[in-house]
Amino acid sequence: MAARVDHAVTSGTFSLDGGTFDVDNNVWVVGDDTECVVIDAPHSVEDILAVVGDRTVTAIVCTHAHDDHVRVAPELAERTGAPIWLHADDEPLWELTHASHRWDDNLVDGQEITVAGITLRVLHTPGHAPGGVCLHAPELGCVFTGDTLFNGGPGATGRSYSDLPTLEASIRAKLFALPEETVVHTGHGDDTTIGAEAEQLGR
């Protein structure tokens with residue numbers, strides 16, 4: 001069975017800098033009928049496992065460590081036996097949510113994660129968060145951008161550990177280098193394409 005992308009939306013809150021906001025998060029699961037990778041672990045383990053089904057989870061890959069993307073990662077890891085992967089630069093954000101539980105493996109720029117016969121290539125894209133990453137799946141013609149790039153532009157940068165010039169530089173260097181037809185699967189909201197966002201933001 002060929003690799004595919006499965007998707008669900010789960011609801012909860014995002015908290016940082018003393019504020020808490022209601023938010024809907026996309027859950028992305030990449031794999032085949034046997035194994036899969038879960039991208040981000042937001043509000044509900046049960047919602048994520050409903051997408052996973054009876055497949056083996058080989059990794060929980062966190063695009064960044066804001067609490068609405070990692071809140072249930074330790075519980076999901078315990079339920080599935082899968083390791084949690086995160087870029088080391090996001091340690092300060094991770095510790096805001098999980099001070100007593102560390103992730104298992106560090107993500108690094110250029111790293112390749114293999115699942116169901118395809119490759120997810122890690123792109124370090126700081127700006128929204130210091131350790132923000134995107135995951136490019138060339139065989140599937142898509143990239144998973146977390147909160148780096150949305151339908152309509154870059155992610156938010158108005159809070160601690162974020163910086164708009166850094167984020168825009170990451171997007172231009174790493175994401176706009178991808179083929180224009182690449183589908184962008186975001187952390188929140190609707191899909192877009194690299195071409196559509198490059199036209200709006202300017203290369």
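Over the range 47-203, what is the relative contact order in percent, taking alpha-carbon pairs closer than 8 angstrom and at least six residues apart? Could you put the intermediate results ahead of the total?
Working: 299 pairs, mean separation 26.0, N = 157.
Result for the range 47-203 is 17 percent.
Within the chain, what's the longest stretch lacking GluC sites (Glu not before Pro) that sit in DSSP loops with no more than 14 other Cβ atoms inside 10 Å?
Values: sites that count: GLU180, GLU181.
So the longest stretch without any such site is 1-179.
Considering only VAL122, ALA99, HIS87, whose Cα is most displaced toward the positive end of the charge dipole of the range 87-131, charges sitting on Cβ of Lys, Arg (+1) and Asp, Glu (-1)?
Farthest towards the positive pole: VAL122.
Where a ≥ b ≥ c are the square roots of the eigenvalues of the C-alpha gyration tensor, would you call the range 103-203 rounded, which needs a/c under 1.5, or, failing that, prolate if a/b is larger than b/c, or oblate?
oblate
Is the range 134-192 rounded, prolate or oblate when judged by the Cα gyration tensor, a ≥ b ≥ c being the square roots of its eigenvalues, rounded requiring a/c under 1.5 and prolate requiring a/b larger than b/c?
Values: a/c = 2.28, a/b = 1.60, b/c = 1.42.
Judged from the Cα gyration tensor, the range 134-192 comes out prolate (a/c at least 1.5, a/b above b/c).
Taking the Cα centre as origin and putting +1 on Lys and Arg beta-carbons and -1 on Asp and Glu beta-carbons, what dipole magnitude results for the range 94-190, to the nearest 20 debye? Spell out each step's value before the answer.
Details: 5 positive and 12 negative charges, 35 e Å.
With only Lys, Arg, Asp and Glu charged at Cβ, the dipole is about 160 debye.
State, to one decimal in nm, how far the label point of ALA177 lies from the label point of ARG79, with both points 7 Å from Cα in the Cβ direction.
3.7 nm
In the neighborhood of GLY155, defined by Cβ-to-Cβ distances under 13 Å, what is the net charge if each Lys or Arg adds +1 and each Asp or Glu adds -1? Write down the numbers at each step before the final one.
Details: positive: ARG159; negative: ASP68, ASP147, ASP163, GLU168, GLU197.
My count for the surroundings of GLY155 gives -4.
Express the carbon and sulfur contribution to the solvent-accessible surface of the chain as a percent, rounded to the nearest whole number, probe 1.4 angstrom. Each step should come with its number before you reach the end.
Working: 3910 of 8290 Å².
Its accessible area is 47 percent carbon and sulfur atoms.
If each residue of separation counts as 0.36 nm, what is the full-extension length gain between THR119 and ALA8 once their alpha-carbon separation is subtracted? Numbers along the way, then the final one.
Working: separation 111, 0.36 × 111 = 39.96 nm, distance 2.16 nm.
Residue separation times 0.36 nm, minus the Cα-Cα distance, leaves 37.8 nm.
Would you kindly calculate the translational diffusion coefficient of the range 54-144, applying Stokes-Einstein with the Kirkwood radius from alpha carbon pairs, for 4 °C and a viscosity of 1.567 mPa s, and quote it in µm² s⁻¹ without decimals? The partial results should precede the final answer.
On the way: Rh = 13.4 Å.
Taking Rh from Cα pairs, D becomes 97 µm²/s.
In Å², what does the accessible area per residue of the range 61-165 work out to with a 1.4 Å probe? Intermediate values should be presented prior to the final figure.
Numbers: 3970 Å² over 105 residues.
For the range 61-165, the solvent-accessible area averages 38 Å² per residue.
How large is the charge dipole for the chain, taken about the Cα centre, if only the Cβ atoms of Lys, Arg (+1) and Asp, Glu (-1) carry charge, to the nearest 20 debye?
Working: 10 positive and 33 negative charges, 63 e Å.
My answer is approximately 300 debye.
The values are calculated or read from the model by the stated rules, or taken from the named source; none is laboratory data. Not measured: the values here are computed from a predicted model. So basically every Cβ, Gly included, is an ideal-geometry build from the backbone, and we count neighbours across all protein chains shown. SASA here: full protein model, heavy atoms, side chains in, ligands and nucleic acids out. Shrake-Rupley method; radii C 1.70, N 1.55, O 1.52, S 1.80 Å.
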